[in-house]
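Mind having a look at this structure? Questions to follow.
The values are calculated or read from the model by the stated rules, or taken from the named source; none is laboratory data. Everything numeric in this text was worked out from a predicted model, so none of it was measured. Here Cβ is always computed from backbone atoms with ideal geometry, including for glycine, and neighbour counts include all displayed protein chains.
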Amino acid sequence: MRIHIINPNTTADLSALDLAAAEAVAAPGTTVTVSEPRDGVPSIESSFDEAIGAIGALAEIARLRDEEIDAFVIACFGDTGLAAAREAAAVPAVGMTEAALMAAALVAQTFSIVTLPARTRLHAHRVVANLGLGLAGRCLPIRAVDLPVLHGDADEAAVRDLLTAEARRAVAEGAEAIVLGCAGIGHLAQPMQAALGVPVIDGVASAVGMAEMLVRCRLPTSRASTFAAPPDKPLGPGFTHLTGRATGC
C-alpha cells in the first residue's frame, strides 16, 4: 500500500515533518511518500493562502495521476482543498483535520484545538462546523499561540511550552483531549501528551491511519453525487496543470 501526503504549501521542511509523523505510525507494508507544490505560498495562514494552497494540492494530484498511489492525505490544518481533491483523485483523500477530529471523538467526550497563529482559528472552526457529527458541541474554545507556522527562529522548547500552556488551560476548562492544529507541530504530540496526561492528537498520523483503513476495507470515494468527478469544462491556459479526472464507483 502506498499513501501519498500532499503538503499544500511549498516548504519542504514541513513535508519532512509530515513524512516523519506518518512513518512513525504506518503499518508494516505501507509506503509513505510526500510532496509539495512547485508554486504557491510557503505557509498557509489565511483564507487567501488557502485558496492558493488548494490549487497547489490539485496540481499535485494531477501530476501524480499515473503513479500507483492508494490514498492521499492532505497535510494542512483546515484541510486545504480537500473537497476538490476528493473529486479530482481516483483514490480516497483524507484530510488531517477531519481525521484528527474523528480520532478525538473516539477517545474523549470533549476536546479542544490548540493551533497557531491565532487567525487560523477560523479554519479550525470551519472544519468542525462542516464535519457535523455533533462535534461543535464537544469542541471547547479553540486556543492559539500567536506564532507563525514557520517559526524557525523560535526555540523549539519554548514553542512547546507555549502550546502546552494553552493546552493546559483547555484541560482545566474540561477538555479531555487536545488536537494540534498545525502539521508543523505534530511532532510535539507525544511530549505534550506526557506532560498533560490526556490524549494529544496529531492530524497527519491520524489521517495516515484512516487512509490505511479505507484502503484495507476497499472503500472508495463515492461518486454518487457530491464527490463525482468535476464537470468536463475547458480550462484557461493558467489552469491546464490541474487536468486529470477521477474514476471509481
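Name the single residue, out of those in segment 170-192 being among the hydrophobic types (A, V, I, L, M, F, W, C) and not in a helix (DSSP H, G or I), that is nearest to Ile74 (Cα to Cα).
Keep residues of segment 170-192 that are among the hydrophobic types (A, V, I, L, M, F, W, C), which gives 170-172, 175, 177-180, 182-183, 185, 188-189, 192.
With not in a helix (DSSP H, G or I) added as a condition, the list becomes 175, 177-180, 182.
Values: Ala175: 26, Ala177: 22, Ile178: 20, Val179: 16, Leu180: 15, Cys182: 12 Å.
The selected residue is Cys182.
Moving on. With respect to Glu212, determine if the residue is among the acidic types (Asp, Glu), touching a residue at least 12 places away in the same chain (Cβ under 8 Å), part of a helix (DSSP H, G or I) and not assigned by TED's automatic domain parsing to the domain that holds Val114. Let's see the steps before the verdict.
Working: among the acidic types (Asp, Glu): yes; touching a residue at least 12 places away in the same chain (Cβ under 8 Å): yes; part of a helix (DSSP H, G or I): yes; not assigned by TED's automatic domain parsing to the domain that holds Val114: yes.
For Glu212, the condition - among the acidic types (Asp, Glu), touching a residue at least 12 places away in the same chain (Cβ under 8 Å), part of a helix (DSSP H, G or I) and not assigned by TED's automatic domain parsing to the domain that holds Val114 - is met.
Taking the condition of being under 25 Å from Val34 (Cα atoms) and either of a type in the set (Ser, Thr, Tyr) or free of Cβ contacts under 8 Å to residues at least 60 places away in the same chain (or both), how many residues in segment 161-194 meet it?
From segment 161-194, those under 25 Å from Val34 (Cα atoms) are 179-191; that's our starting set.
Checking the rest, the ones that are also either of a type in the set (Ser, Thr, Tyr) or free of Cβ contacts under 8 Å to residues at least 60 places away in the same chain (or both) come to 188-191.
Residues in segment 161-194 being under 25 Å from Val34 (Cα atoms) and either of a type in the set (Ser, Thr, Tyr) or free of Cβ contacts under 8 Å to residues at least 60 places away in the same chain (or both): 4 in total.
In addition: Please verify whether Ala183 is out of contact with any helix residue (DSSP H, G or I) (no Cβ under 6 Å at 6 or more places or on another chain) and at pLDDT below 95, treating the condition exactly as stated. It would help to see each step written out before you state the result.
Details: out of contact with any helix residue (DSSP H, G or I) (no Cβ under 6 Å at 6 or more places or on another chain): no; at pLDDT below 95: yes.
Here the answer is no, as Ala183 does not meet what is asked.
One line per residue, one yes/no per condition, for (1) of a type outside the set (Ser, Thr, Tyr); (2) farther than 18 Å from Arg119 by Cβ; (3) outside the structural domain of Phe227 (by TED's automatic domain parsing):
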{"site": "Ser47", "(1), (2), (3)": "no, no, no"}
{"site": "Glu50", "(1), (2), (3)": "yes, no, no"}
{"site": "Ala71", "(1), (2), (3)": "yes, yes, no"}
{"site": "Gly78", "(1), (2), (3)": "yes, no, no"}
{"site": "Leu82", "(1), (2), (3)": "yes, yes, no"}
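Here is a follow-up. List the residue pairs whose Cβ atoms are under 8 Å apart, where the first residue sits in segment 218-236 and is of a type in the set (Lys, Arg), the second is modelled with pLDDT under 90, and the two are 6 or more positions apart or on different chains.
As it stands, the answer is Arg223/Ala246; Arg223/Gly248; Arg223/Cys249, since those pairs meet every condition given.
Would you mention how many residues in segment 97-119 are buried (at least 24 other Cβ atoms within 10 Å of the Cβ) and not in a loop (DSSP other than H, G, I, E, B)? Don't jump to the end; show me each part of the working.
First, pick out the residues of segment 97-119 that are buried (at least 24 other Cβ atoms within 10 Å of the Cβ): 97, 99-101, 104, 111-116.
Adding the requirement that they be not in a loop (DSSP other than H, G, I, E, B) leaves 97, 99-101, 104, 111-115.
Of the residues in that region, 10 qualify.
Would you be able to tell me the number of residues in segment 116-171 that are within 11 Å of Cys182 (Cβ to Cβ) and either modelled with pLDDT of 90 or more or out of contact with any Pro (no Cβ under 8 Å at 6 or more places or on another chain) (or both)?
10
Does Thr164 satisfy the condition of being closer than 28 Å to Ile3 by Cβ, of a type in the set (S, T, N, Q) and assigned to a helix (DSSP H, G or I)?
no
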